[in-house]
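Single-structure report; data block below.
The values are calculated or read from the model by the stated rules, or taken from the named source; none is laboratory data. This is a predicted model, so every value here is computed, not measured. Reconstructed Cβ throughout: ideal geometry from the backbone, glycine too, with neighbour counts over all protein chains shown.
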């Protein structure tokens, strides 16, 4: 008997309608543990729901996420309501959820919390244990898969930021049985390599099961005991492992880990140039300050020298002598002016001025005759333009400008 010939689209559509027409599959509540949870920028949630034996892919679209009162995480046990269906374009059977509520914790998540509490109580995650990353590492160690994108991202970022810094890879199994011990051994081996100043340990994203090796106690203790600083770059930014807590620094991505471990060459050169300029300015300032101090000391020493004091006294004496000469000159000039003024004054009241006004001076010999009693028979009369010898015929005492005052002599 020949079967029906269908296209792929017809078959997928038939299965979709068959699932949609089954009432048992339209109002279903699934109990399971969340794994590989992803929240996209569109607002839709995609995750896997699993139990001990099976798993199914689930989708919870944005319009239904608003009714969920908690933030789903890998390892959570939940009750999900919805319907089974088929994604026709991909031919993929999945569960379309329209609601979610918590149903306790998953086994892995419970183990994670218990081990975290234990190691926290021991102080393994204390902030005081964290060490600063080196400014310029001689070598950078890497513990990760040799074939994953993590190594490529670290190499790309390191080569861009500071070409030439050696990267030392210790390939390690990052998932599955034996992965935790391999990662721990890799950390110990790289720590013994001379020149390695920082180690990056990590892998790409995944579910809690995929990342579980980095939640094992052996890895957390190996990270905490590593003698060089460790950067943890496990999973995506939303993933958190015990390796992150134990590390000295946690990076959200492997690229970010490379940026933390490898400095930017140009930025370092710029810093060196700025520090050099600051050093030169500081040195110049120190030289100028010391020069001023030295000059001050030299001046104080000079002040203490006898020869300097003698020179200062000589300069002072020369200065005072110059001032004395100047004062003497000014004094002589002032006296000359005063003498000239007095001379002029004497001249104005002297006998010559009287002669110029028409008066005459009588002399008896060389003695001026100032009164009638001194008048002699012969006298000399001085005039403005000469002298004359006179004989006194008579004398009479009286006021020369008034009436008769006395008697005739």
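Hey, could you check region 156-165 for residues that are out of contact with any helix residue (DSSP H, G or I) (no Cβ under 7 Å at 6 or more places or on another chain) and either outside the structural domain of residue 205 (by TED's automatic domain parsing) or in contact (Cβ under 8 Å) with a residue 24 or more places away in the chain (or both) and say which is nearest to residue 235 (Cα to Cα)?
156
Would you confirm whether any residue within region 245-259 is farther than 27 Å from residue 163 by Cβ, in contact with a strand residue (DSSP E or B) (Cβ under 9 Å, 6 or more places away or on another chain) and in a helix (DSSP H, G or I)?
Yes.
If you go through region 49-77, how many residues are touching a residue at least 24 places away in the same chain (Cβ under 8 Å) and within 18 Å of residue 208 (Cβ to Cβ)?
11
Which number in (1) free of Cβ contacts under 8 Å to residues at least 40 places away in the same chain; (2) under 43 Å from the mean Cα position of the chain (by Cα); (3) in a helix (DSSP H, G or I) marks the one condition that residue 236 misses?
For residue 236, the failing item is (3).
So is residue 277 at pLDDT below 90, surrounded by 10 or more Cβ atoms within 10 Å (Cβ to Cβ) and at negative phi or not?
Judged against the criteria, residue 277 is not a match.
Hey, residue 141 hits all of (1) under 30 Å from residue 269 (Cβ atoms); (2) outside the structural domain of residue 218 (by TED's automatic domain parsing) but one; which does it fall short on?
Unmet for residue 141, out of (1) under 30 Å from residue 269 (Cβ atoms); (2) outside the structural domain of residue 218 (by TED's automatic domain parsing): (2).
What number goes with the only condition from (1) within 60 Å of the chain's Cα centre (by Cα); (2) surrounded by 14 or more Cβ atoms within 10 Å (Cβ to Cβ) that residue 16 does not pass?
Going through the list (1) within 60 Å of the chain's Cα centre (by Cα); (2) surrounded by 14 or more Cβ atoms within 10 Å (Cβ to Cβ), residue 16 breaks only (1).
One residue is enough: does region 23-36 have a residue meeting the conditions surrounded by 13 or more Cβ atoms within 10 Å (Cβ to Cβ), in a helix (DSSP H, G or I) and at pLDDT below 90?
Yes, region 23-36 contains at least one residue that is surrounded by 13 or more Cβ atoms within 10 Å (Cβ to Cβ), in a helix (DSSP H, G or I) and at pLDDT below 90.
With 90, 123 as the choices, which residue is out of contact with any strand residue (DSSP E or B) (no Cβ under 6 Å at 6 or more places or on another chain), assigned by TED's automatic domain parsing to the domain that holds residue 243 and outside any helix (DSSP H, G or I)? Break it down stepwise before answering.
Values: 90 fails: assigned by TED's automatic domain parsing to the domain that holds residue 243.
Step by step, each of 90, 123 is checked, and only 123 is out of contact with any strand residue (DSSP E or B) (no Cβ under 6 Å at 6 or more places or on another chain), assigned by TED's automatic domain parsing to the domain that holds residue 243 and outside any helix (DSSP H, G or I).
Here are the criteria: (1) modelled with pLDDT of 80 or more; (2) touching a strand residue (DSSP E or B) at 6+ places or on another chain (Cβ under 9 Å). Tell me which single one residue 386 does not satisfy.
(2)
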